[in-house]
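> Pasting in a structure now, in structure tokens, and then I'll have a few things to ask.
The values are calculated or read from the model by the stated rules, or taken from the named source; none is laboratory data. It should be emphasised that the depicted structure is a prediction, and the values quoted were computed from it without experimental measurement. Here Cβ is always computed from backbone atoms with ideal geometry, including for glycine, and neighbour counts include all displayed protein chains. Areas reflect the complete protein model, heavy atoms only, side chains present, ligands, DNA and RNA absent. Shrake-Rupley method; radii C 1.70, N 1.55, O 1.52, S 1.80 Å.
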Amino acid sequence: MLHCGFCTPPCAGMLQHPDGTVLKQLQPPPRGPRELNFYNMVFGSSCHEHVFLELRKFLPKFLGTWTPTTSPNELYLKLEDVTRKFNKPCIMDVKIGKKSYDPDASAEKVQQQISKYPLMEEIGFLVLGMRVEEDRGKRGK
């Protein structure tokens, strides 16, 4: 069963494979295949590009793809769970860049994204969400 790994009963948060890796469902084209190609390029055994080798230090390890036996048309990226060693991880989802839309996006989609995130083009990032584990009474730890 796929679950977030943090909630009891299981919620629909971060999906995890039974081996503890994080599962990220591949998006429809062109974004999904582009993301898969990116991970294959950066983590491929034939990668010798200095920039990509350095970039690996800041990314979760890519461990291939996975397809559930019950849904053979779904494809997931298997990624290292970088929060696994923490008891109560604080997590923030930050999108870095000035645009939240694809270069191939329609004019309508571009306008929708600009109106949805008006400061993104000005400040160059967007905080989509975060989870903070608060441990009351234990300041400084």
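> Given (1) of a type in the set (D, E, K, R); (2) in a loop (DSSP other than H, G, I, E, B); (3) loosely packed, with under 14 Cβ neighbours inside 10 Å, where does residue 93 come up short, assuming only one miss?
With (1) of a type in the set (D, E, K, R); (2) in a loop (DSSP other than H, G, I, E, B); (3) loosely packed, with under 14 Cβ neighbours inside 10 Å applied to residue 93, the lone miss is (2).
> While we're looking at this one, here's another question. Hey, can you tell me all the residues within region 5-37 that are surrounded by 15 or more Cβ atoms within 10 Å (Cβ to Cβ) and either at pLDDT 90 or above or in contact with a helix residue (DSSP H, G or I) (Cβ under 6 Å, 6 or more places away or on another chain) (or both)?
Listed by number, the residues that qualify are 15, 16, 17, 21, 22, 23, 24, 26, 32, 36.
> State all residues of region 113-128 that are part of a strand (DSSP E or B) and either at pLDDT below 90 or surrounded by fewer than 10 Cβ atoms within 10 Å (Cβ to Cβ) (or both); if no residue qualifies, say none.
127, 128
> Test residue 53 against the stated conditions and say whether it is crowded, with 16+ Cβ neighbours inside 10 Å and not in a loop (DSSP other than H, G, I, E, B).
When the stated conditions are applied, residue 53 does not pass them.
Listed here are the residues, each with its yes/no results for (1) under 23 Å from residue 42 (Cβ atoms); (2) at pLDDT 95 or above; (3) part of a loop (DSSP other than H, G, I, E, B); (4) open to solvent by 40 Å² or more (accessible area, probe 1.4 Å).
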site	(1), (2), (3), (4)
83	yes, no, yes, no
88	no, no, yes, yes
99	yes, no, yes, yes
108	no, yes, no, yes
111	no, yes, no, yes
130	no, no, no, yes
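> Go through (1) within 20 Å of residue 23 (Cα to Cα); (2) open to solvent by less than 100 Å² (accessible area, probe 1.4 Å); (3) free of Cβ contacts under 8 Å to residues at least 24 places away in the same chain and name the single condition residue 46 misses.
(1)
> Can residue 2 be described as at pLDDT 90 or above and either surrounded by fewer than 14 Cβ atoms within 10 Å (Cβ to Cβ) or more than 21 Å from residue 96 (Cα to Cα) (or both)?
Values: at pLDDT 90 or above: no; either surrounded by fewer than 14 Cβ atoms within 10 Å (Cβ to Cβ) or more than 21 Å from residue 96 (Cα to Cα) (or both): yes.
Spelling it out, it is not the case that residue 2 is at pLDDT 90 or above and either surrounded by fewer than 14 Cβ atoms within 10 Å (Cβ to Cβ) or more than 21 Å from residue 96 (Cα to Cα) (or both).
For (1) assigned by the TED database to the domain that holds residue 16; (2) in contact with a Ser or Thr (Cβ under 6 Å, 6 or more places away or on another chain); (3) of a type in the set (S, T, N, Q); (4) closer than 17 Å to residue 27 by Cβ, each residue gets a yes or a no:
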{"residue": "46", "(1), (2), (3), (4)": "yes, no, yes, no"}
{"residue": "49", "(1), (2), (3), (4)": "yes, no, no, no"}
{"residue": "54", "(1), (2), (3), (4)": "yes, no, no, no"}
{"residue": "59", "(1), (2), (3), (4)": "yes, no, no, no"}
{"residue": "62", "(1), (2), (3), (4)": "yes, no, no, yes"}
